[in-house]
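The values are calculated or read from the model by the stated rules, or taken from the named source; none is laboratory data. What you see is a predicted model, and the numbers here were worked out from it, not measured in a lab. Note that we place each Cβ from the backbone using ideal geometry, even for glycine, and neighbour counts take in every protein chain shown.
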Amino acid sequence: MRVPHMSRLIDVLLLTALPASGKSEVRRYLASLTPEQCRDEMHIGPTVQLDDYPYVHMMRRISQELCKRGQDGVFFDSDDLPSKEPRDWGTLIELLNADFDDLVKRHRPAPASAAEWLLDRLDTARRKVAARPALGQLEPAVRREIVQALEAECAELLRDKNAGIPDSLKGRTVVIEFARGGPDKATMPLPAPLGYRYSLATLSEEILARASVLYVWVTPEESRRKNIERTDPNDPGSILHHGVPMAVMLGDYGCDDMDWLLQASDRPDTVRVEAHGRVWYLPVGRFDNRADKTTFVRGDRAQWKESDIRALHDGLAGACARVVKAGEQAY
């Protein structure tokens with residue numbers, strides 16, 4: 001049973017939203033606060049960050065290298081198209097599950113080859129969601145070429161992953177960021193493996209037992225507008241400046257099911273998750289960013305206006321307070 005956490009910090013915070021909704025700006029803003037402000041006003045301790053976007057980026061890089069060699073792209077047929085395998089939404093969650101397990105166990109992998117390590121992890125995660133572990137089936141010569149082409153990037157990903165594992169999680173908040181959705185104008189509920197209903201149910205028991213949700217709320221139209229606005233073609237791997245192709249925005253993120261989940265839950269301000277043979281109720285705080293409160297955070301901090309800071313701060317503090325309150329009421 002979850003221990004009510006009005007008197008303690010939020011343990012695991014699932015930071016969710018459509019692309020370009022403001023998740024990364026929220027993270028940057030929280031990083032600008034003092035530890036006391038985070039603790040007393042946001043119920044958040046020093047954060048440990050997990051994010052599935054670096055894995056999406058590496059899936060695209062693997063596909064680029066495979067296609068360049070006349071091979072099937074496995075994950076993507078081109079940079080402009082959605083994923084080939086819908087179950088890879090679950091693949092990404094299984095990678096986050098493994099990263100969370102490494103956090104808890106303070107396990108910092110040290111493989112001989114970072115690229116081999118990543119290819120093996122992707123296949124392992126795919127098996128768990130009943131998707132084809134295609135990378136292990138590559139011709140040996142092709143696999144060697146892919147490993148050589150991506151070794152430096154995979155080594156950087158591994159360094160970042162290991163550097164983000166603290167010696168203790170005591171007093172910390174683990175922030176796990178991901179975006180989920182469905183096709184434009186889809187009806188609810190979204191069918192598996194689309195949407196938050198599927199991805200939340202794919203999270204490990206260890207995460208679900210400790211998790212709350214902070215949802216950054218924008219309309220799909222606003223998400224698409226901000227995605228175009230933030231895109232920097234000279235910095236495609238950047239968290240703050242990467243762009244999502246429009247076919248993906250319409251096909252994968254044309255809508256999402258968070259509002260539906262909140263309305264369908266039989267406990268207020270929670271989402272009901274059926275997973276691992278039981279029912280979980282995850283407290284939800286919805287930060288309303290439909291009228292943009294976050295874009296200013298991209299600029300020079302010295303230029304931030306007090307009125308903008310206050311609107312963002314109060315909105316986030318209110319959403320985090322609702323997370324805590326919902327946690328008390330749900331358990």
Any residue at all in segment 196-206 that's surrounded by fewer than 18 Cβ atoms within 10 Å (Cβ to Cβ), among the β-branched types (Val, Ile, Thr) and either on the phi < 0 side of the Ramachandran plot or more than 18 Å from the chain's Cα centre (by Cα) (or both)? no
State the number of residues belonging to segment 182-195 that are surrounded by 15 or more Cβ atoms within 10 Å (Cβ to Cβ) and of a type in the set (Lys, Arg). 0
Taking the conditions exactly as written (over 21 Å from residue 37 (Cβ atoms) and either under 21 Å from the mean Cα position of the chain (by Cα) or not assigned by TED's automatic domain parsing to the domain that holds residue 186 (or both)), does residue 245 satisfy them or not? yes
Selection count where residues are of a type in the set (Ser, Thr, Tyr) and in a loop (DSSP other than H, G, I, E, B), scope segment 134-176: 1
Mind counting the residues in segment 95-124 that are in contact with a helix residue (DSSP H, G or I) (Cβ under 9 Å, 6 or more places away or on another chain) and farther than 26 Å from residue 70 by Cβ? 15
Conditions (1) farther than 30 Å from residue 11 by Cβ; (2) in contact with a Pro (Cβ under 6 Å, 6 or more places away or on another chain); (3) crowded, with 18+ Cβ neighbours inside 10 Å -> residue 83 fails only (2)
Hey, among 95, 66, 15, which residue is among the aliphatic types (A, V, I, L, M), without any contact (Cβ under 8 Å) to a residue 60 or more places away in the chain, closer than 28 Å to residue 182 by Cα and crowded, with 17+ Cβ neighbours inside 10 Å? 95
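Per-residue answers, yes or no, for (1) among the polar types (S, T, N, Q); (2) under 25 Å from residue 161 (Cα atoms); (3) in contact with an Asp or Glu (Cβ under 6 Å, 6 or more places away or on another chain):
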| site | (1), (2), (3) |
| --- | --- |
| 49 | yes, yes, no |
| 54 | no, yes, no |
| 68 | no, no, no |
| 77 | no, no, no |
| 81 | no, no, no |
| 91 | yes, yes, no |
Restricting to helices (runs of 4 or more DSSP H) lying wholly in segment 1-114: which have 3 or more residues that are at pLDDT 95 or above and under 13 Å from the mean Cα position of the chain (by Cα)? 53-68, 88-105
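I'd like the residue in segment 275-308 that is part of a helix (DSSP H, G or I) and in contact (Cβ under 8 Å) with a residue 12 or more places away in the chain and, out of all such residues, is surrounded by the most Cβ atoms within 10 Å (Cβ to Cβ).
297
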On the basis of being over 23 Å from residue 290 (Cβ atoms) and either surrounded by 17 or more Cβ atoms within 10 Å (Cβ to Cβ) or among the charged types (D, E, K, R) (or both), does residue 9 make the cut? yes
Suppose we filter 122, 208 for residues that are assigned by TED's automatic domain parsing to the domain that holds residue 103 and of a type outside the set (Val, Ile, Thr); which single one remains? 122
